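We did not get these values from a lab; they are worked out from the coordinates using the rules stated. Predicted, not measured: the structure shown is a model, and the values here were computed from it. Neighbour counts run over all protein chains shown; Cβ positions are idealised from the backbone, glycine included.
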Ligand SMILES: CC(C)(COP(=O)(O)OP(=O)(O)OC[C@H]1O[C@@H](n2cnc3c(N)ncnc32)[C@H](O)[C@@H]1OP(=O)(O)O)[C@@H](O)C(=O)NCCC(=O)NCCS
């Protein structure tokens, strides 16, 4: 059991039971969790994890009811207790992350803005919560922020500190900047040994 779970146990026993269930389910699939936490503030919320992942430093946050977070097979999530990956689904949304993804430390995923923005003329909510989809073999660079309604096709790289908030149509691209835009096309992610000069 990791330190963050021990600390939280002191205050909230239900939390540790949910974390333990996730750890057991993950270990059956040869997925390793380290320094991960779950805050479940609602009902009928689910987290599902694929096989053979290495999931470090993820803070799962489920706000309200009927939220779903899924991470596919072979994920490499490189957060830590000090530099977490925040995966937050709220108000009946989902975050679906494909297979073979690489997620760097200090990245954030939010399907909700938490506060509504209301049109004063019509009373309409202008910023409804919306689900996030991340394709297979995507790489989310450090400190990137992925906002509601984001849909990244397979083989998308998101540059460090970028902010993405919409559906991108083309697979095999680098998206970078704030707001995130395509800066390169026709790419795929190599392994660590491909990064030499
Ligand atoms: C996305 C990234 C991999 C692209 O690297 P690259 O292929 O060498 O791309 P370049 O540096 O040639 O940049 C291409 C263009 O995108 C822009 N760009 C690249 N990364 C950017 C970023 N994070 N934010 C804003 N713009 C960026 C460049 O300024 C350049 O723009 P230009 O064509 O107008 O000059 C790299 O910039 C990056 O963000 N790396 C961080 C990786 C990371 O988080 N690793 C953690 C370990 S998991």
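Say we join alpha carbon atoms closer than 10 Å with springs in a Gaussian network model of the chain; which of 82, 121, 18 then has the biggest fluctuation?
Highest fluctuation among the options: 121.
For 91, 81, what ranking results if the residue with the fewest other Cβ atoms within 10 Å of its Cβ goes first? Please report the intermediate quantities before stating the final value.
Values: 91 19, 81 16.
In order of increasing Cβ crowding within 10 Å: 81, 91.
Select from 71, 85, 95 the residue whose mean-square fluctuation is largest in a Gaussian network model of the chain (Cα-Cα springs shorter than 10 Å).
It is 71.
Compute the separation of the alpha-carbon centres of the range 18-59 and the range 125-154 and state it in Å as a whole number.
Here the answer is 20 Å between Cα centres.
Do the sum for the chain: with -39,500 (n - 2.57) for every DSSP H run of n ≥ 4, divided by all residues, what is the mean residue ellipticity at 222 nm, to the nearest 500 deg cm²/dmol?
Taken over the chain, the calculation gives -3500 deg cm²/dmol.
With a 10 Å Cβ neighbour count serving as the proxy for reagent exposure, in which order, fewest first, do 166, 148, 28 appear?
The most exposed by this proxy come first: 28, 166, 148.
Treating each Cα of the range 3-185 as an identical point scatterer and ignoring solvent, apply the Debye formula and state log10 I(q)/I(0) at q = 0.15 Å⁻¹.
So the normalised log intensities work out to -0.85.
Among 47, 175, 69, which one shows the highest mean-square fluctuation when the chain is modelled as a Gaussian network with alpha-carbon springs under 10 Å?
Answer for the Gaussian network model of the chain: 47.
According to the Cα gyration tensor, what semi-axes, each the square root of 5 times an eigenvalue, does the equivalent ellipsoid of the range 109-154 have, listed from largest to smallest in whole Å?
Taking √(5λ) for each eigenvalue gives 28, 11, 6 Å, largest first.
Under the definition of Cα pairs under 8 Å and six or more residues apart, what whole-number percent is the relative contact order of the chain?
Computed over the chain, the figure is 12 percent.
Arrange 37, 156, 120 by Cβ neighbour counts within 10 Å, fewest through most, would you? Mind showing how you got there, number by number?
Values: 37 21, 156 28, 120 6.
If I rank by nearby Cβ atoms, fewest first, I get 120, 37, 156.
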